[in-house]
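The values are calculated or read from the model by the stated rules, or taken from the named source; none is laboratory data. Just so you know, these numbers come straight off a predicted model, no measurement behind them. Note that each Cβ is placed from the backbone with ideal geometry, even for glycine, and that neighbours are counted across all protein chains shown.
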Amino acid sequence: MSVTGIGASVRRKEDVRFVTGKGRYTDDINRPGQAHAYFLRSPHAHATINNIDLSAALKMPGVVAVYTGDDIAADKVGGLICGWMIHSKDGSPMKAGAHPALAQGKVRYVGDHVAVVIADKLSQARDAAEKIVVDYGVLPAIVDPAMAVGADAKIHDAAPDNTVYNWHLGDKAATDAAFARAAHVTRLDLVNNRLSPNAMEPRAAVGDYDEGTDGLTLYTTSQNPHVARLVLSAFIGLAPEHKFRVIAPDVGGGFGSKIFIYAEETVCVWAARKVRRPVKWTSDRTEAFLSDAHGRDHVTHAELALDAYGKILGLRAHTTANLGAYLSTFSSSVPTYLYAPLLSGQYDIPAIYAEVDAVYTNTAPVDAYRGAGRPEATFVVERLVEIAARETGKDPAAFRRQNFVTSFPHQTPVIMCYDGGDYNASLTKALEIADYANIGKRKAEAASRGKLRGIGISAYIEACGIAPSAAVGSLGAGVGLWESAEVRVNPIGTVEILTGSHSHGQGHETTFAQLVSERLGVPIDNVAIIHGDTDKVQMGMGTYGSRSGAVGMSAIVKALDKIEAKAKKVAGHCLEASPDDIEFKDGKFTVKGTDKSIDFPSVALQAYIAHKFNGQELEPGLKESAFWDPTNFTFPAGVHICELEVDPQTGVTTIVKWTAVDDFGNLINPMIVEGQVHGGIAQGVGQALFEGAVYTKDGQLVTASFMDYQMPRADNLPSYNIAITKTPCPSNPLGIKGCGEAGAIAAPPAVINALTDALGHEDIAMPASPLAVWRAARKTMAMKKAAE
Amino acid sequence: MAMTMKGEVALPADRQTVWAKLNDPEVLKACIPGCQSLDKTGENGFSAVVKLKVGPVSATFKGNVELSDFDPPNSYKISGSGEGGIAGFAKGGAVVHLADAEGGGTLLTYDVEANVGGKIAQLGARLIDGVAKKNADTFFANFAENVKAG
């Protein structure tokens, strides 16, 4: 391992510009003559638009144009799409209601887009929006997914009973049979709380139109600019792809929320052509709460069947998933194929059956959020397993160990084939670091101080590195999830990597350069990572689902293989040897068994000078591209253990120790991996203890600022004890699995298992706020008193 | 988001006098907190402009005030709704009952239901209950002052 190669904890190259304010984000981009867009949003959760009077707004100073859904319809701008087709049990396709970029005749959630004002200044656009008079006919609203079917609110004509689909997975008969012969059945009702994504950088867009070329450019906060261009071109119809450039410069976090194609970005680029001026919009924080796709929001009943010895026989789950008022870009896949196939967890479960009813409600659209479906599945599995152990008087760690998958490959009953892992190794290591054996002493000591101490295990697995194109295609995905890479070696031996992955905080400029440094022996400072521009990178699928390493870097490996093969031919000519006799190591090409060698930059130069070989037989230049399509998902897995204390007097929960043992396969940069784990745990703890997006019954979002939506803070989190185990992933050349979502997946059940252990009962839901914990602790104290 | 409030206020005038004042647009205009204008549009309807501040959001609401469910001189309902542009909307109503008070005068009781939405609910959620109660109390306190003043 070199100091900048694979496995080195290299400091992030990009951080210098980020921490010195030199990053270039979408809001930093200003085009000459640009106008500003302000969106008038619905204050009602559900209403008909009887009339919109724009006359006063149009007379306001600085106003360039005001558009409504009528203008979108007149220009035949297509509706926003959902790119993953899910079929119901009866074979019928999901019921997708129309999703115009500006509302047409009806608004369906608070924050829905009623009109856009475009003015010279943002303040003028906002003032003019005040003058728009909308005559609403208020309709009944529904926000609770469990009550959506049969509600008075009828959200889309296309979806009777507000149902998007009634989907299922697994073998119902086999699962029912497993339950019929069970010695013990554990039953659990739970809610996976709705979350706001809260990227540090809010969404933004600048649409630009070049009359000379009839070309459109969209600068936007995207995790996947090529997918944005594809959707805006092929489905929404704004311009053909060759006349349409999408640029996503530095992006400050996304957690999934910047995968999707939203109304605002669509409107900015459409309006830019209409008004013949660049049009800019930057979301304010409240708009982000209202209109960024939310996450989670499941209501689930789940059951686990055990035999008399504690072996798991079967699992069944019924989930109602809230998809909000419209289907967001990948929303349909989250509670189905990203969820139910993970219900086997790390366990050998012979029979699984899951039913998922997805419903519309008068709330913001719900889509992928860090982990996307897998945190929801892990919460179901790890809560069930914990409670099953408690109910049958078994140690939760031993119960898990008894049921672990131990041989690979392991085909689960729900699609996934686990290709490798060592779950016992992670559990053993985690128990040791957490000093699990002595928890009894620590509980007693805490009790002497009047505190309730608890410990909770979460043995998670996730499927990431998404995804094999044919596999996801067979499951309904509209497009394959391969990745592309191009390696351009310049004549002096510096290297440019063009990748379809797009960092929004992951550190690709460092890790991808480490790979190149390792392979070509060049310093990482001589490597540039180019991403986020459809005019530079040919095509790509973007960054989400922990896929940039396993899929994006694998594409780079494939292109580097081609570079090496070509460079060997050039080196062969320079060294007057057969390419087969050339060895490449540490940046040097050597004729086997001799001391004749030439370094990589010299070979690059010779490839371009092209004097030493016949240009008809060997093409000049050194540039190769590749597409990588994975053969399987990757399966990171691990064990997190949370130890916490509850103060029954105040309801305050203090996490005193966190142990994380993760198997991510091989690591490129352990420091960056550790950072990803830190952030993921913080987000998972946020979901468990603090965060919740709350609508009132009539559909008003009352958590629309950081006054009311509590994010985890530094003083809510302990210093983590992080360790790894390592089983290299067999399905990609680097043996890496992906680490971006693990913490957010593992943490919520670890916290709640610890909290319920401390409380001595299961009666607590997420977010376990101090008020909720205080109430639950009152019950605990009453139970203790009754027992005395 | 919806909220409800109840209250009562003792007035130093007889029921008939109080009833007359409850139906006098000039009195109502003087009593509705933040009322900029109240113009008669029909027998029992008015168009109104009301300036309201909820936490960080202040807005001018344009809407209607209506009097209904008359049972003179015992009770009626005063209700209103307004759109505050990008600030959202507010609507609400109060059922007002009058009864002879022990020892003279009139006891006015009110039962208020209010509803807000949009930015007011988003940014002012924690403040809404307090603001709504304060506005209702202010209206009836103003009304009591008006009655006292004769």
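Among what's in region A:13-44 and is within 24 Å of residue B:119 (Cα to Cα) and under 27 Å from the mean Cα position of the chain (by Cα), pick the residue that is nearest to the other protein chains (Cβ to nearest Cβ). I'd like the intermediate steps shown before the answer.
Here is the first cut: in region A:13-44, the residues within 24 Å of residue B:119 (Cα to Cα) are A:27, A:36-44.
Applying the additional criterion that residues be under 27 Å from the mean Cα position of the chain (by Cα) yields A:27, A:39, A:41.
Working: A:27: 21, A:39: 10, A:41: 8 Å.
Among residues in region A:13-44 that are within 24 Å of residue B:119 (Cα to Cα) and under 27 Å from the mean Cα position of the chain (by Cα), the one nearest to the other protein chains (Cβ to nearest Cβ) is A:41.
Go through region A:429-440 and report how many residues are on the phi < 0 side of the Ramachandran plot and either surrounded by fewer than 16 Cβ atoms within 10 Å (Cβ to Cβ) or at pLDDT below 95 (or both). Talk me through it step by step, then tell me what you get.
First, the residues of region A:429-440 that are on the phi < 0 side of the Ramachandran plot: A:429-434, A:436-440.
From what is left, the residues that are either surrounded by fewer than 16 Cβ atoms within 10 Å (Cβ to Cβ) or at pLDDT below 95 (or both) are A:432, A:437-438, A:440.
Result for region A:429-440: 4.
Which count do you get for residues in region A:608-654 that are among the acidic types (Asp, Glu), more than 28 Å from the chain's Cα centre (by Cα) and farther than 30 Å from residue A:425 by Cβ? Don't jump to the end; show me each part of the working.
From region A:608-654, those among the acidic types (Asp, Glu) are A:617, A:619, A:624, A:629, A:643, A:645, A:647; that's our starting set.
Subset that is more than 28 Å from the chain's Cα centre (by Cα): A:617, A:619, A:624, A:645, A:647.
Imposing the further condition that a residue be farther than 30 Å from residue A:425 by Cβ reduces the set to A:617, A:619, A:624, A:647.
Residues that pass the stated criteria total 4.
Considering only region B:11-39, how many residues are among the aliphatic types (A, V, I, L, M), more than 13 Å from the chain's Cα centre (by Cα) and not in a helix (DSSP H, G or I)? So that I can check it myself, show each step before the final result.
To start, the set of residues in region B:11-39 that are among the aliphatic types (A, V, I, L, M) comprises B:11, B:13, B:18, B:20, B:22, B:27-28, B:30, B:32, B:38.
From the residues that got through so far, the ones that are more than 13 Å from the chain's Cα centre (by Cα) too are B:11, B:13, B:18, B:20.
In the following step, the residues that additionally are not in a helix (DSSP H, G or I) were identified as B:11, B:13.
Within region B:11-39, residues that are among the aliphatic types (A, V, I, L, M), more than 13 Å from the chain's Cα centre (by Cα) and not in a helix (DSSP H, G or I) number 2.
Assess whether residue A:521 counts as being more than 21 Å from residue A:619 (Cα to Cα), surrounded by 23 or more Cβ atoms within 10 Å (Cβ to Cβ) and not β-branched (Val, Ile, Thr).
Numbers: more than 21 Å from residue A:619 (Cα to Cα): yes; surrounded by 23 or more Cβ atoms within 10 Å (Cβ to Cβ): no; not β-branched (Val, Ile, Thr): yes.
Judged against the criteria, residue A:521 is not a match.
Take residue A:657 and decide whether it is more than 14 Å from chain B (Cβ to nearest Cβ), touching a Pro at 6+ places or on another chain (Cβ under 7 Å) and basic (Lys, Arg).
Values: more than 14 Å from chain B (Cβ to nearest Cβ): yes; touching a Pro at 6+ places or on another chain (Cβ under 7 Å): yes; basic (Lys, Arg): yes.
Answer is yes for this residue.
What about residue A:725, is it more than 14 Å from chain B (Cβ to nearest Cβ), surrounded by 24 or more Cβ atoms within 10 Å (Cβ to Cβ) and of a type in the set (Ser, Thr, Tyr)? So that I can check it myself, show each step before the final result.
Numbers: more than 14 Å from chain B (Cβ to nearest Cβ): yes; surrounded by 24 or more Cβ atoms within 10 Å (Cβ to Cβ): no; of a type in the set (Ser, Thr, Tyr): yes.
Taking the combined requirement at face value, the residue does not satisfy it.
Pairs please, first residue from region A:392-415 and modelled with pLDDT of 95 or more, second anywhere and exposed (fewer than 15 other Cβ atoms within 10 Å of the Cβ) and outside any loop (DSSP other than H, G, I, E, B), Cβ atoms under 6 Å, 6+ apart in sequence or on different chains.
A:392/A:184; A:409/A:417; A:411/A:417
If you check B:128, B:78, which single one turns out to be aliphatic (A, V, I, L, M), under 20 Å from residue B:16 (Cβ atoms), at pLDDT below 95 and out of contact with any His (no Cβ under 6 Å at 6 or more places or on another chain)?
Working: B:128 fails: under 20 Å from residue B:16 (Cβ atoms).
When all the criteria are applied, what remains is B:78.
Could you give me the residue pairs with C-beta distances under 9 Å whose first residue belongs to region A:764-776 and is within 19 Å of residue A:295 (Cα to Cα), whose second residue is at pLDDT below 95 wherever it lies, and which are 6+ apart or on separate chains?
none
Just to be sure before I move on: is residue A:174 more than 14 Å from every other protein chain (Cβ to nearest Cβ), surrounded by 22 or more Cβ atoms within 10 Å (Cβ to Cβ), part of a helix (DSSP H, G or I) and among the aliphatic types (A, V, I, L, M) in the structure I sent? First the steps, then the outcome.
Values: more than 14 Å from every other protein chain (Cβ to nearest Cβ): yes; surrounded by 22 or more Cβ atoms within 10 Å (Cβ to Cβ): no; part of a helix (DSSP H, G or I): yes; among the aliphatic types (A, V, I, L, M): yes.
No: the conditions fail for residue A:174.
Out of the strands (runs of 3 or more DSSP E) lying entirely within region A:22-123, which hold 2 or more residues that are buried (at least 17 other Cβ atoms within 10 Å of the Cβ) and either at pLDDT below 95 or in contact with a Phe, Trp or Tyr (Cβ under 6 Å, 6 or more places away or on another chain) (or both)?
A:113-119
Confirm whether residue A:672 is closer than 20 Å to residue A:714 by Cα and either touching a helix residue (DSSP H, G or I) at 6+ places or on another chain (Cβ under 7 Å) or outside the structural domain of residue A:514 (by TED's automatic domain parsing) (or both).
Numbers: closer than 20 Å to residue A:714 by Cα: yes; either touching a helix residue (DSSP H, G or I) at 6+ places or on another chain (Cβ under 7 Å) or outside the structural domain of residue A:514 (by TED's automatic domain parsing) (or both): yes.
It is true that residue A:672 is closer than 20 Å to residue A:714 by Cα and either touching a helix residue (DSSP H, G or I) at 6+ places or on another chain (Cβ under 7 Å) or outside the structural domain of residue A:514 (by TED's automatic domain parsing) (or both).
Quickly run through region A:99-142 and pick out the residues that are at the interface with another protein chain (Cβ under 9 Å from one of its Cβ atoms) and within 19 Å of residue A:285 (Cα to Cα).
A:110, A:111, A:126, A:129
What single numbered condition from (1) away from chain B (no Cβ under 14 Å); (2) more than 30 Å from residue A:439 (Cβ to Cβ); (3) of a type in the set (Gly, Ala, Ser) fails to hold for residue A:705?
Going through (1) away from chain B (no Cβ under 14 Å); (2) more than 30 Å from residue A:439 (Cβ to Cβ); (3) of a type in the set (Gly, Ala, Ser) one by one, residue A:705 breaks only (1).
Can you tell me which residue in region A:535-558 is nearest to the chain's Cα centre (by Cα), limited to those that are surrounded by fewer than 24 Cβ atoms within 10 Å (Cβ to Cβ) and of a type in the set (A, V, I, L, M, F, W, C)?
A:539
When both residues are 6+ apart or on different chains and their Cβ atoms are under 7 Å apart, which pairs have a first residue that lies in region A:52-71 and is in the same structural domain as residue A:270 (by TED's automatic domain parsing), and a second that is of a type in the set (Ser, Thr, Tyr)?
A:52/A:68
Consider residue A:255 carefully, then state whether it is within 19 Å of residue A:368 (Cα to Cα) and not basic (Lys, Arg).
Working: within 19 Å of residue A:368 (Cα to Cα): yes; not basic (Lys, Arg): yes.
Spelling it out, residue A:255 is indeed within 19 Å of residue A:368 (Cα to Cα) and not basic (Lys, Arg).
Counting only residues that are surrounded by fewer than 22 Cβ atoms within 10 Å (Cβ to Cβ) and not in a loop (DSSP other than H, G, I, E, B), which one in region A:673-702 is farthest from the other protein chains (Cβ to nearest Cβ)?
So, considering only residues that are surrounded by fewer than 22 Cβ atoms within 10 Å (Cβ to Cβ) and not in a loop (DSSP other than H, G, I, E, B), the one farthest from the other protein chains (Cβ to nearest Cβ) is A:674.
Do the conditions hold for residue A:605, that is, is it more than 24 Å from residue A:13 (Cα to Cα), aliphatic (A, V, I, L, M) and either touching a residue at least 12 places away in the same chain (Cβ under 8 Å) or part of a strand (DSSP E or B) (or both)? Quick ask: steps written out before the conclusion?
Numbers: more than 24 Å from residue A:13 (Cα to Cα): yes; aliphatic (A, V, I, L, M): yes; either touching a residue at least 12 places away in the same chain (Cβ under 8 Å) or part of a strand (DSSP E or B) (or both): yes.
So residue A:605 passes the test.
So that you can scan it fast, the table gives a plain yes or no per residue for (1) within 23 Å of the chain's Cα centre (by Cα); (2) surrounded by fewer than 19 Cβ atoms within 10 Å (Cβ to Cβ):
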position: A:227; (1), (2): yes, no
position: A:231; (1), (2): yes, no
position: A:250; (1), (2): yes, no
position: A:281; (1), (2): no, no
position: A:292; (1), (2): yes, no
position: A:301; (1), (2): no, yes
position: A:313; (1), (2): no, no
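Looking at region A:242-273, which of its residues are farther than 20 Å from residue A:197 by Cβ and in contact (Cβ under 8 Å) with a residue 40 or more places away in the chain?
A:244, A:245, A:246, A:247, A:267, A:268, A:269, A:270, A:271, A:272, A:273
For region A:153-175, which residues satisfy the criterion of being among the acidic types (Asp, Glu) and farther than 10 Å from residue A:95 by Cβ? Outline the logic, then answer.
Filtering region A:153-175 down to residues among the acidic types (Asp, Glu) leaves A:157, A:161, A:171.
If the condition is that a residue be among the acidic types (Asp, Glu) and farther than 10 Å from residue A:95 by Cβ, then A:171 is the only one that fits.
Say whether the condition of being touching a Ser or Thr at 6+ places or on another chain (Cβ under 6 Å) and more than 14 Å from chain B (Cβ to nearest Cβ) is met by at least one residue in region A:263-272.
So the first thing to find is which residues in region A:263-272 are touching a Ser or Thr at 6+ places or on another chain (Cβ under 6 Å), and the list is A:265.
Next, only the ones that are more than 14 Å from chain B (Cβ to nearest Cβ) stay: A:265.
Yes: region A:263-272 contains one or more residues that are touching a Ser or Thr at 6+ places or on another chain (Cβ under 6 Å) and more than 14 Å from chain B (Cβ to nearest Cβ).
If I filter region A:400-428 down to residues being of a type in the set (Phe, Trp, Tyr) and under 25 Å from the mean Cα position of the chain (by Cα), which single residue comes out as nearest to residue A:726 (Cα to Cα)?
Step one: of region A:400-428, the residues of a type in the set (Phe, Trp, Tyr) are A:404, A:408, A:418, A:423.
When the remaining residues are screened for being under 25 Å from the mean Cα position of the chain (by Cα), the result is A:418, A:423.
Working: A:418: 15, A:423: 10 Å.
Checking each candidate, the answer is A:423.
Being more than 30 Å from residue A:745 (Cβ to Cβ), surrounded by fewer than 22 Cβ atoms within 10 Å (Cβ to Cβ), in contact with a Pro (Cβ under 9 Å, 6 or more places away or on another chain) and at pLDDT 95 or above is the requirement here; does residue A:609 meet it?
Working: more than 30 Å from residue A:745 (Cβ to Cβ): yes; surrounded by fewer than 22 Cβ atoms within 10 Å (Cβ to Cβ): yes; in contact with a Pro (Cβ under 9 Å, 6 or more places away or on another chain): yes; at pLDDT 95 or above: yes.
Criteria met by residue A:609.
Here are the criteria: (1) over 30 Å from residue A:284 (Cα atoms); (2) surrounded by 21 or more Cβ atoms within 10 Å (Cβ to Cβ). Tell me which single one residue B:116 does not satisfy.
Answer for residue B:116: the failing condition is (1).
Evaluate the following for residue A:634: is it crowded, with 24+ Cβ neighbours inside 10 Å and polar (S, T, N, Q)? Give the steps one after another, and end with the answer.
On the way: crowded, with 24+ Cβ neighbours inside 10 Å: yes; polar (S, T, N, Q): yes.
Judged against the criteria, residue A:634 is a match.
Here is a list of conditions, (1) within 29 Å of the chain's Cα centre (by Cα); (2) within 14 Å of chain B (Cβ to nearest Cβ), and residue A:148 meets all of them except one; can you say which number that is?
The one condition residue A:148 does not meet is (2).
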